[in-house]
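To keep things clear, I will list the structure first and then write my remarks on it.
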Amino acid sequence: MKRNAQDISLSTRRISRRALLLGGAQMGFGALLLGRMRHLQVDQADEFLLLAEENRIKVRLIAPGRGIIYDRNGVELADNEQIYRVSMIREDADDVDAVITRLRGLVKLDEEVLQRALREMDRRPHQAVTLADRLSWEELSTIAVNVPAMQGITPEVGLSRVYPLGADYAHVVGYVGRVSERDIADAEEPDPLLQTPQFQIGKLGVERQLEGTLRGKAGARRVEQNAAGRIMRELGRTESTSGGDVQLTIDAGLQNFTQARLGNESASAVVMDVRNGDVLAAVSSPSYDPNKFVTGISVPDYAELRDNNHRPLHNKIVQGLYPPGSTFKMVTLLAGLESGVITPNDTFYCPGHTTVSNRRFHCWKRAGHGWVDAAKSLRESCDVYYYELAQKAGIDNISKMARKLGLGTQFDLEMTSVSQGLIPDRDWKRRIKGEEWVVGDSLNVSIGQGFVLASPLQLAVMTARIASGLEVSPRLVRTIDGVAQASGVKGPLDLPRSWLDRARDGMYQVVNARGGTAGRSKFDMGGLKWAGKTGTSQVRNITAAERARGVSRNEDLPWERRDHALFVGYAPYDDPKYSVSVVIEHGGGGSTAAAPVARDVMLYALSGGVPPLDAYPSDQRGAAEERLSALSLNPAVVRQAGTSEA
């Protein structure tokens with residue numbers, strides 16, 4: 001049908017209006033786009049340029065060198081060694097599986113380490129994660145040549161902790177290990193260094209307690225990388241600050257000798273300088289190689305340590321708590337003198353037992369010691385003397401004296417899990433046991449049994465205070481970055497010298513007088529003599545049924561049921577320099593097991609090297625020579641007599 005002129009005109013006008021509307025909308029949209037483009041390209045140009053630069057430029061942390069730990073004579077106890085490793089950033093790799101497959105063709109990858117790294121990359125895709133470390137130079141070079149074909153892979157040179165003297169310092173220096181999620185969570189102010197691949201943090205001992213000093217501060221470098229993630233050039237660098245060096249009070253030669261002398265015993269020994277509190281040796285035996293923990297100990301190696309009944313992982317120096325046995329008797333004696341219930345010349349009669357509330361408390365010598373004064377009570381270790389004294393002095397005075405001599409004290413030492421020990425009193429038993437204190441409790445405590453517990457470190461402190469008359473506390477760190485640390489001496493001990501002399505005289509007779517319980521462990525080195533006290537810590541009683549079966553001696557019992565052997569001593573007697581404590585778990589008698597070890601250790605400290613044979617009684621020199629020559633000493637630290645700076 002033909003359209004007339006009027007219809008054509010109307011249609012034309014409609015089309016024109018629609019075209020105008022559509023054109024206007026298009027122009028408006030175009031203007032909006034132009035305005036947005038101007039805003040992005042002109043107004044926000046600097047911001048987007050910065051974003052582009054950040055995508056091209058990466059900031060990498062530079063881990064600092066960890067501070068070195070030395071002994072008192074400058075022997076390195078903890079050092080850093082250079083290692084080669086390869087790391088990967090997940091977000092920089094297009095195909096992780098393909099990259100790892102190619103890497104496998106270049107170097108051998110530990111499957112356990114690799115799986116752990118993959119899990120870590122899932123959690124932190126933007127962080128570098130180590131795939132392999134301790135590579136050889138040839139392996140690192142091979143990887144570096146092939147880096148352009150492996151996006152996200154970075155070959156690196158780093159530092160790792162190493163302990164040159166191995167097991168000698170496992171319980172003192174401790175060790176470092178990889179940062180765990182718990183380490184990060186426990187950090188009050190998270191350090192970016194903790195996110196660095198394979199970064200090591202102190203886990204035990206001095207390494208942990210002085211982590212803030214040893215760690216240092218991170219540096220940073222700005223690098224330019226291409227689209228494949230390959231670093232093209234370094235744009236800038238801020239160097240890291242190495243951690244502070246730490247010098248301990250320990251003498252490496254004495255430490256090594258003591259470790260060797262304890263051998264395979266489950267034992268501990270501590271040597272202190274009574275004049276300033278310096279800990280010269282602190283050994284827990286058996287020990288372990290801390291180097292195995294640095295990169296992660298294997299399951300079989302850890303199981304072997306964990307299941308050993310001699311507990312090599314346990315730090316017996318400060319964590320081991322034992323009834324001190326007769327080494328506690330000096331405490332009871334001084335408590336009696338301070339409370340005024342006895343005078344230095346008072347005596348008690350020992351018929352072999354004391355009866356309290358229809359219960360008989362036996363002396364170790366069933367026939368008794370007869371009339372006993374203070375010196376004889378220590379020399380022959382009479383129990384009845386202290387039973388009688390405890391009834392007069394009471395537990396409150398005994399506990400007070402024990403704390404004055406350093407027992408029951410948690411010392412501020414740069415070791416982990418330092419125990420407080422236990423010095424019981426009436427309030428403690430009421431609070432913990434829900435029972436009232438009875439006289440029998442006091443009798444047990446008076447001879448170092450019952451509830452009282454002490455560590456080898458505390459026993460060394462107790463002996464040092466008695467020997468020096470000073471309120472001396474243990475000091476483990478000598479200097480930090482060359483700055484001397486405070487002495488362990490707070491001032492004179494609040495005890496009259498005449499009372500201390502009474503205890504010292506009894507300790508002298510223990511070793512040097514006829515009838516002394518440690519008479520076989522005397523020495524005479526150029527006129528120098530020493531003093532000490534034996535102790536036997538009862539682990540359990542031999543029952544009537546066991547006696548009926550013929551089990552009457554400690555040696556007849558299984559090892560883990562035998563008594564602990566203890567000895568404390570100091571030397572020289574007339575001018576004290578060093579104190580020593582030795583605890584041998586399930587070793588039996590203190591006179592036969594602990595005293596001979598303490599003598600050898602003390603002679604090393606006094607002579608500055610392996611003890612000279614002429615320091616021993618003539619009839620013992622053959623055995624001493626055989627014993628000393630059989631020790632496995634480290635020639636790098638052991639010295640001959642007369643060269644120590646301790």
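Here is the figure for segment 497-539: residues that are free of Cβ contacts under 8 Å to residues at least 24 places away in the same chain, under 21 Å from Thr347 (Cα atoms) and not in a helix (DSSP H, G or I) total 1. When the criteria are applied in full, Leu606 fails the requirement of being crowded, with 24+ Cβ neighbours inside 10 Å and modelled with pLDDT of 95 or more. Taking the listed residues Val477, Val461, the one that is β-branched (Val, Ile, Thr) and touching a Leu at 6+ places or on another chain (Cβ under 7 Å) is Val477, with no other qualifying. Per the listing Val129, Val145, the residue uniquely of a type outside the set (Phe, Trp, Tyr) and surrounded by 15 or more Cβ atoms within 10 Å (Cβ to Cβ) is Val129. Taken over segment 97-113, the criterion of being assigned to a helix (DSSP H, G or I) and at pLDDT 80 or above is satisfied by Asp97, Ala98, Val99, Ile100, Thr101, Arg102, Leu103, Arg104. The single residue among Ala594, Ala571, Ala636, Ala605 that is more than 27 Å from the chain's Cα centre (by Cα) and small (Gly, Ala, Ser) turns out to be Ala571.
Report, by residue number, each residue of segment 436-481 that is closer than 18 Å to Ala594 by Cα, assigned to a helix (DSSP H, G or I) and either over 27 Å from the mean Cα position of the chain (by Cα) or not aliphatic (A, V, I, L, M) (or both). Matches in segment 436-481: Pro456, Gln458, Thr463. Which of the residues spanning segment 184-213 are touching a residue at least 12 places away in the same chain (Cβ under 8 Å), under 17 Å from the mean Cα position of the chain (by Cα) and either part of a helix (DSSP H, G or I) or assigned by TED's automatic domain parsing to the domain that holds Thr416 (or both)? Once the filter is applied, which keeps residues that are touching a residue at least 12 places away in the same chain (Cβ under 8 Å), under 17 Å from the mean Cα position of the chain (by Cα) and either part of a helix (DSSP H, G or I) or assigned by TED's automatic domain parsing to the domain that holds Thr416 (or both), segment 184-213 yields Gly205, Val206, Glu207, Arg208, Gln209, Thr213. In segment 418-432, the count of residues that are at positive phi and of a type in the set (Ser, Thr, Tyr) is zero.
Could you list, in sequence order, all residues of segment 76-123 that are within 30 Å of Ala252 (Cα to Cα) and among the acidic types (Asp, Glu)?
Initial filter on segment 76-123 (within 30 Å of Ala252 (Cα to Cα)): 76-83.
Once the filter is applied, which keeps residues that are within 30 Å of Ala252 (Cα to Cα) and among the acidic types (Asp, Glu), segment 76-123 yields Glu76, Asp79, Glu81.
Among the numbered conditions (1) part of a strand (DSSP E or B); (2) farther than 22 Å from Val580 by Cβ; (3) at pLDDT below 95, tell me where Lys490 comes up short. Failing condition for Lys490: (2). Of everything in segment 124-179, what is assigned to a loop (DSSP other than H, G, I, E, B) and at pLDDT below 85? Give them in sequence order. Across segment 124-179, the qualifying residues are Arg124, Pro125, His126, Gln127, Ser136, Met150, Gln151, Gly152, Val179.
Where strands (runs of 3 or more DSSP E) fall entirely within segment 227-280, those with at least 1 residues that are of a type in the set (Val, Ile, Thr), at pLDDT 95 or above and under 20 Å from Val477 (Cβ atoms) are at 246-248, 267-273. For segment 323-341, taking the residues that are more than 30 Å from Ile584 (Cα to Cα) and either surrounded by 20 or more Cβ atoms within 10 Å (Cβ to Cβ) or not aliphatic (A, V, I, L, M) (or both), the one that is farthest from the chain's Cα centre (by Cα) is identified as Gly340.
Remark: Arg90 falls outside the filter, which requires a residue to be buried (at least 17 other Cβ atoms within 10 Å of the Cβ), closer than 30 Å to Leu235 by Cβ and touching a Ser or Thr at 6+ places or on another chain (Cβ under 9 Å).
The values are calculated or read from the model by the stated rules, or taken from the named source; none is laboratory data. None of these values were measured; they are calculated from a predicted model. Cβ sites come from the backbone with ideal geometry, for glycine too, and all protein chains shown count toward neighbours.
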